[in-house]
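This report concerns only the one structure given below.
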Amino acid sequence: MINFVFIAPPAAGKGTQSKLLVDKYGYNHISTGDLLREEVATKTTLGIQINEIMSSGKLVDDNIVLTLLKNKLSSVLSENKPFIIDGFPRTPNQAEMLTNCFNELNVDNYKVIYMDLDYEEAKKRVLGRLVCSGCGKSYNDMVESLMPKKSGICDSCSSVLSKRSDDTEETFKDRFDTYINNVKPILNYYNDLNKLINIDASKDAEDIFKDIETYVTEVR
Ligand code: AMP
């Protein structure tokens, strides 16, 4: 199976699509946001510094993120499962860092999925986003098809749903602007490498998944 790198604006549904790939095909989901949040949870000096940067909506230092990613990727590769990288690269420099990292780890069998979503739709999804404290499933109280059956409660495990602390209107604008400024050269970079796939992320999650699925077993 092919490995994926997901590139998308905040709340385009990377988490949802990753979960579908994990459940149906046994992918390993590597989210740099999650890796950083794990580091924050350790409350080390580094964790506290990372927390301040993340809360302001800015990007964490490239080398810190790359180190966390590389460690995780190495352990995933040893399990021989396909992987999805979610949240990296966010800058052209990170794209080159990832290519070097893949070269070092002998990874060539991958495609970069660009989930395309405009500002207003992304904003609606971010401000309404709710995440389950138990199983991590995502919902949205502003998008009809993504609402939980019972308000504030997870359909799957009945745990309480909560908002992420960085999902505010102020940090959203910063995150989206940073994203747009950085994403265009990254897309050009992967297009030149013949690795880029464009997906329309304004569709329903099931339809996006159908599009992505057509590439799962593609031979490079
Ligand atoms: P996410 O969960 O992907 O929305 O990421 C949440 C936050 O983690 C971002 O706003 C950044 O502060 C930080 N972060 C995640 N991935 C990266 C990355 N590749 N480079 C720098 N910072 C990152």
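Just so it is clear, none of the values below were taken in a lab; they were calculated from the coordinates. Predicted, not measured: the structure shown is a model, and the values here were computed from it. FYI the Cβ positions are ideal-geometry reconstructions off the backbone, even for glycines, and counts take in every protein chain you see.
If the chain between GLU213 and ASN181 were fully stretched, how many nm would it gain, using 0.36 nm times the residue separation less the Cα-Cα distance? Please report the intermediate quantities before stating the final value.
On the way: separation 32, 0.36 × 32 = 11.52 nm, distance 2.89 nm.
So the extension gain works out to 8.6 nm.
Tell me the Rg and the Dmax, in Å, that the Cα atoms of segment 18-132 produce.
Cα only, segment 18-132: 15.2, 41 Å (Rg, Dmax).
Please give the peptides 77-90, 135-148 ranked by average Cβ packing (other Cβ atoms within 10 Å per residue), highest first, as a rough proxy for protection.
Details: 77-90: 18.4, 135-148: 15.6.
Most protected by this proxy first, the peptides run 77-90, 135-148.
How big is segment 72-155 along each principal axis, measuring the range of its Cα positions in Å and listing the largest first?
47, 31, 17
With just the Cα atoms defining each centre, how far is segment 20-85 from segment 160-220? Give it in Å.
Centre-to-centre (Cα) distance: 17 Å.
Straight distance only, please: which aspartates and glutamates reach the Cα of LYS24 with their own Cα at less than 12 Å, same-chain residues fewer than 8 apart left out?
Leaving aside aspartates and glutamates fewer than 8 places away in the same chain, those within reach of LYS24 are GLU213.
Would you mind estimating how fast segment 77-121 diffuses translationally, via Stokes-Einstein at 37 °C and 0.692 mPa s with the Kirkwood radius over Cα pairs, in µm²/s? Mind dumping the intermediate values first?
Details: Rh = 12.4 Å.
Reported coefficient: 264 µm²/s.
Under the definition of Cα pairs under 8 Å and six or more residues apart, what whole-number percent is the relative contact order of segment 49-180? Could the numbers behind the result be given before it?
Numbers: 109 pairs, mean separation 31.1, N = 132.
Computed over segment 49-180, the figure is 24 percent.
For LYS163, list the aspartates and glutamates whose Cα falls under 20 Å from its own Cα; do not include residues on the same chain fewer than 8 positions away.
Those aspartates and glutamates meeting the cut-off are ASP34, GLU38, GLU39, GLU52, ASP86, GLU120, GLU121, ASP141, GLU144, ASP155, ASP174.
Students often get this wrong, so check it: of LYS14/LYS81; LYS111/LYS203; LYS43/LYS203; LYS43/LYS210; LYS19/LYS173; LYS149/LYS203, which have C-alpha atoms separated by over 29 Å?
Numbers: LYS14/LYS81 19 Å; LYS111/LYS203 21 Å; LYS43/LYS203 39 Å; LYS43/LYS210 40 Å; LYS19/LYS173 26 Å; LYS149/LYS203 21 Å.
Over 29 Å Cα-Cα: LYS43/LYS203; LYS43/LYS210.
Please tell me the relative contact order of the chain in percent, rounded to the nearest whole number, where contacts are Cα pairs under 8 Å and at least six residues apart. Before the final figure, lay out each step's value.
Values: 316 pairs, mean separation 67.6, N = 220.
The value is 31 percent.
Under the Kirkwood approximation for Rh and a Cα-based Rg, what ratio Rg/Rh is obtained for the chain?
On the way: Rg = 16.8 Å, Rh = 17.9 Å.
So for the chain, dividing Rg by the Kirkwood Rh gives 0.94.
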